[in-house]
Amino acid sequence: MLLVMAVCGACSGSSPAAGAPDSGGGGGGGGLPTPHCGQGFCSECVGCGVSSSLCFGEVGWFTLGSGQCTAAPVAGAFDVSVDGTGFATEQVAGVVDGSYVEIVARSGERTIALLLPSAPGTYDCASTGFGGVVSYFETTTRGFFNRITSPRPACTVTITSVGPVGGRIVGSFSATVAGTAASVQLGAGTFNVERAAFP
């Protein structure tokens, strides 16, 4: 239920497999529905942050939103290099929603969001059946994405294990994420994150 970049007032958007960042519409990426901030189990959401996978309270504290829904930061490790430089993770959270795992890590203004298959295995962006999305937000207005495009940038993802709520989501990844005029390399990424309850 990860959406692509949005800094929004209405807090609704498209599915992860959608094309343009501000395109509306229904679910994609396996029939995921479009969430609506402030409705149903998303009622805690009061505003959108750097990406629509992050939903902030009124004073800007970190919460993870799968779609637009919130979960507090959890215990865990998230390590990755961004163009060869370390990403000092300050907060991380992870959830499982149906056939997807969503992990979001934050370092200052920078955010990395992963939407990946929840079944253990190794996946490659070159595969036509891979519907995962890797997003990197350098600032609130500058985002880089690896999503379904033609041609799609390279990525490799391994899901080692997905535990129950309170257990661990463990895996690794590397990806090229593309912006309007440049690309960023996310390398040697690993995660071992406590699974939060969702919704």
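Please treat every number below as a calculation from the coordinates, not as lab data. This one's a predicted model, so the numbers in the text were calculated from it and none came from an experiment. All Cβ positions, even for glycine, are placed from backbone atoms using ideal geometry, and neighbour counts span all protein chains on display.
Oblate is the label for the range 73-194, because the ratio a/c of its alpha-carbon gyration tensor axes (a ≥ b ≥ c) is 1.5 or higher and a/b is not greater than b/c. Each Lys or Arg adds one and each Asp or Glu subtracts one; over the other residues with Cβ under 15 Å from the Cβ of Thr176, this totals -1.
Summing charges over neighbours of Cys125, with a neighbour being any other residue whose Cβ is under 13 Å away from its Cβ, gives +1 when K and R count +1 and D and E count -1.
For the range 73-194, the relative contact order is 27 percent, taking Cα pairs closer than 8 Å that sit 6 or more residues apart in sequence and dividing their mean separation by the residue count.
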